[in-house]
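What follows is one structure encoded as C-alpha cells, with my remarks underneath.
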Amino acid sequence: MKSLAQRFNEALAASKITKKELAEAVGVSPSAITQIASGETKELKASVALKIARKLNIDPWWLVMGEGTMTSETSSSLDEAKMLLKRMPESHLTAVTTILKQLAEINKN
C-alpha cells in the first residue's frame, strides 16, 4: 500500500495545483504541505484531510487510509449536479425535482 506522502504527491501531481496554492486554500503553511509531501507527516487532522481532498477533488478516505480509489466518481457527479442546481432558476428546480422523484420511483421497482 502506498504511503500518505505517495498518495498526496500523486493527487497533487494530477491536480496541477502548486503546493503554495494548496497551502493557501487549506489554510496551512507551505512548510506543512512540504512535510506531508516529504513523508514527515504521518497522520493528518480530519479537517485538514477534508480540505485537501476537496481542493484536489479526491476521496478523503483514499488520501488518509489508502483504501478505495483516488477519485470518487459518485462524489464528482454529485458535486457537478449541486453546482448545476445552484445555477438554475427556481422554476426549473421544481421540474428537476419532479424528474428526480420519478427516477427514484423507477429505480425502486
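Only the coordinates and a few stated rules stand behind these numbers; no lab work does. Note that this is a predicted model, so its numbers are computed, not measured. Please note: Cβ atoms are built from the backbone with ideal geometry, for glycine as well, and neighbour counts cover all protein chains shown.
Each of Arg7, Arg54 was scored by other Cβ atoms within 10 Å of its Cβ. Listed from fewest to most, they are Arg54, Arg7. For Cα Rg over 2.2 N^0.38 Å, computed directly from the structure shown, the correct entry in (1) 1.01; (2) 1.72; (3) 1.37 is (3).
Among Val96, Val64, Val28, the largest mean-square fluctuation in a Gaussian network model of the chain (Cα springs under 10 Å) belongs to Val96.
Note that region 25-31 has calculated 3J(HN,Hα) couplings of 5, 7, x, 10, 6, x, 5 Hz, one per residue in order, obtained from phi through the Karplus relation 6.51 cos²θ - 1.76 cosθ + 1.60 (θ = phi - 60°); glycine and proline are x. For an R0 of 30 angstrom, estimate the FRET efficiency from the Cβ-Cβ distance between Glu10 and Lys86 and round to the nearest 0.05. The computed FRET efficiency comes out at 0.50. Amide H contacts under 5 Å for Gly39: none, restricted to partners 5 or more places along the chain or on a different chain, H placed in the peptide plane at 1.01 Å from N. Taking θ as phi - 60° and the Karplus parameters 6.51, -1.76 and 1.60, the scalar couplings of region 81-87 work out to 4, 4, 4, 5, 5, 5, 8 Hz in sequence order, x denoting glycine and proline. Under the criterion of Cα pairs below 8 Å and six or more residues apart, the relative contact order for the chain equals 24 percent. The GluC sites (Glu not before Pro) of region 12-72 meeting both criteria, a DSSP state outside H, G, I, E and B (loop) and at most 15 other C-beta atoms within 10 angstrom of the site's C-beta, are Glu40, Glu43, Glu67. Can you show me the helix-derived [θ] at 222 nm for the chain, built from DSSP H runs with n ≥ 4 at -39,500 (n - 2.57) apiece and divided by the number of residues, rounded to the nearest 500. Dividing the helical sum by the residues of the chain leaves -22500 deg cm²/dmol. Its Cα gyration tensor gives region 4-65 an equivalent ellipsoid, and the semi-axes of that ellipsoid, as √(5λ) in whole Å with the largest first, are 14, 13, 12.
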